[in-house]
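A short write-up of the structure that comes next.
The values are calculated or read from the model by the stated rules, or taken from the named source; none is laboratory data. Just so it is clear, the structure is predicted and the values come from calculations on it, not from any experiment. Positions of Cβ are backbone-derived with ideal geometry, glycine not excepted, and every protein chain shown enters the neighbour counts.
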Amino acid sequence: MVLGVRIQRNFIKAGIFNLKGNLKKEKKVEVKDFWDFENTINTLMKLIKEFKEITESPQKHVLSLGIASPGPIISRKDEIAFITNFSGWKNVNLKEYLTDKLNIDILIEHDVNAAILAEKYLGSYKKEDMIYFSVDRGIGAGILSRNKVLRGVLLTAGEIGHTSIKYNGPECECGNRGCLELYCSTTKLLDKAKKYRHEILPDETQEDELTVKSISEAAAGGNETAKKLLRENAYYFNIGLINLINILATPHIIIGGEIQEAGTIWLNMVKEFFAEKAMDHLANNVKIKFSKLQSSSSFYGAGIAAINHVINNPDIIYKKSS
Ligand SMILES: [Zn+2]
């Protein structure tokens, strides 16, 4: 057995997987104050200890723990460089921090790289060359090239969210200006929608009822403000999408993350912009889909990363059973 954990800015999800990647049990815990590193990590450790306890017996061992986290992740050092909007998570060596406390073999994986692994084994394309484009509270891409996750020499490839689409745009936490994620993350979509809440939702609804899904439902019902916000988001996203495909020439694109709640109304907007603005040879050959794993690609990928880690490091098995 292995454990897979998905850390998100608003929840932590843990699961027990067998070595075939089948999910045996899962639990999701909401995280309200993610900015508070200690508190979030304590929630995470409690969850892992609980799962270890119910899984382990003299015959059964948890061989490894895969953690899929937002990043950028400096894989060489197992370090989370930063998580935008959460200053407490800067230069955190999560592996070292947890290994000391949990006595378990740990692998930290960038959430989008975990997601593309899950798409490779469980997704709808199952191709050797694919991109998983996550549009969530942040933006990033997991790239599968010739059946391998493309990490680059510095092991941080795929940071499309921090490529600039406006040279004199607002400053980003990464140090650059006008980064893609400042324009089309779901954080940005929800922030903008808050200003027009009373135009989008009936007056009696509360602020927390304003979600990507409720914006999409309003748009589907003919609400012009909601449609405009989704269109704007899709427009900016498409700029990043074309940039990435122009560089990598990858024909199979999977879009995942919270934006999936926006449904086909948003996806069709992206496809329209793509058909209009991409070069013809790309527009005619690139396929764009939502992930069939809904927003769970990174979660499943955390489990798969842990399994692959055990297979590549068989000493873990012998150490555990001795
Ligand atoms: Zn940036």
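Within segment 201-214, restricting attention to residues that are in a helix (DSSP H, G or I) and either within 16 Å of the ligand (Cβ to nearest atom) or surrounded by 14 or more Cβ atoms within 10 Å (Cβ to Cβ) (or both), which residue is farthest from the chain's Cα centre (by Cα)? Steps first, answer last, please.
Of all residues in segment 201-214, those in a helix (DSSP H, G or I) come to 207-209, 212-214.
Among the residues that remain, those that are also either within 16 Å of the ligand (Cβ to nearest atom) or surrounded by 14 or more Cβ atoms within 10 Å (Cβ to Cβ) (or both) are: 212-214.
On the way: V212: 16, K213: 18, S214: 21 Å.
Checked segment 201-214; the qualifying residue farthest from the chain's Cα centre (by Cα) is S214.
Among the residues of segment 227-238, are any charged (D, E, K, R), crowded, with 21+ Cβ neighbours inside 10 Å and within 23 Å of Q294 (Cα to Cα)? Step through it out loud before you land on a result.
Going residue by residue through segment 227-238, those that are charged (D, E, K, R) are 227-228, 231-232.
After this cut, where a residue has to be crowded, with 21+ Cβ neighbours inside 10 Å as well, the list is none.
No, the conditions are met nowhere in segment 227-238.
Being surrounded by 22 or more Cβ atoms within 10 Å (Cβ to Cβ) and assigned to a helix (DSSP H, G or I) is the filter here, so list the residues in segment 52-75 that pass it.
none
Name the helices (runs of 4 or more DSSP H) wholly within segment 275-322 that hold at least 3 residues that are in contact with a helix residue (DSSP H, G or I) (Cβ under 8 Å, 6 or more places away or on another chain) and under 27 Å from A262 (Cα atoms)? Even if it seems obvious, please write down each step before you answer.
Values: elements: 280-283, 297-312, 315-321.
Where helices (runs of 4 or more DSSP H) fall fully within segment 275-322 and carry at least 3 residues being in contact with a helix residue (DSSP H, G or I) (Cβ under 8 Å, 6 or more places away or on another chain) and under 27 Å from A262 (Cα atoms), they are 297-312.
Touching a Ser or Thr at 6+ places or on another chain (Cβ under 8 Å) and in a helix (DSSP H, G or I): which single residue out of I239, I255, I245, I265 fits that description?
On the way: I239 fails: touching a Ser or Thr at 6+ places or on another chain (Cβ under 8 Å); I255 fails: in a helix (DSSP H, G or I); I245 fails: touching a Ser or Thr at 6+ places or on another chain (Cβ under 8 Å).
Unique residue meeting the criteria: I265.
So which residues in segment 154-197 are within 16 Å of E258 (Cβ to Cβ), touching a residue at least 60 places away in the same chain (Cβ under 8 Å) and hydroxyl-bearing (S, T, Y), if there are any at all?
Answer for segment 154-197, where residues must be within 16 Å of E258 (Cβ to Cβ), touching a residue at least 60 places away in the same chain (Cβ under 8 Å) and hydroxyl-bearing (S, T, Y): T186, T187.
Based on what the data block shows, is L117 assigned by TED's automatic domain parsing to the domain that holds K46, buried (at least 18 other Cβ atoms within 10 Å of the Cβ) and part of a helix (DSSP H, G or I)? Full working, then the answer.
On the way: assigned by TED's automatic domain parsing to the domain that holds K46: no; buried (at least 18 other Cβ atoms within 10 Å of the Cβ): yes; part of a helix (DSSP H, G or I): yes.
No: the conditions fail for L117.
Would you please name the residue that is nearest to P72 (Cα to Cα), looking only at residues in segment 139-172 that are within 16 Å of the ligand (Cβ to nearest atom) and assigned to a strand (DSSP E or B)?
By that ranking, first place goes to G140.
If H198 satisfies every condition in (1) modelled with pLDDT of 95 or more; (2) in a helix (DSSP H, G or I) but one, which is the exception?
(1)
Got a number for residues in segment 173-194 being within 11 Å of the ligand (Cβ to nearest atom) and more than 19 Å from the chain's Cα centre (by Cα)?
So the count comes out to 4.
Quick test for you: out of G123, G140, pick the one residue that is crowded, with 20+ Cβ neighbours inside 10 Å and in contact with a His (Cβ under 8 Å, 6 or more places away or on another chain).
Details: G123 fails: in contact with a His (Cβ under 8 Å, 6 or more places away or on another chain).
The conditions single out G140.
Matching residues to (1) closer than 17 Å to L122 by Cα; (2) out of contact with any strand residue (DSSP E or B) (no Cβ under 6 Å at 6 or more places or on another chain); (3) among the polar types (S, T, N, Q):
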| position | (1), (2), (3) |
| --- | --- |
| E261 | no, yes, no |
| W266 | no, yes, no |
| V270 | no, yes, no |
| A275 | no, yes, no |
| A278 | no, yes, no |
| N285 | no, yes, yes |
| L293 | yes, yes, no |
| F299 | yes, no, no |
| A302 | yes, no, no |
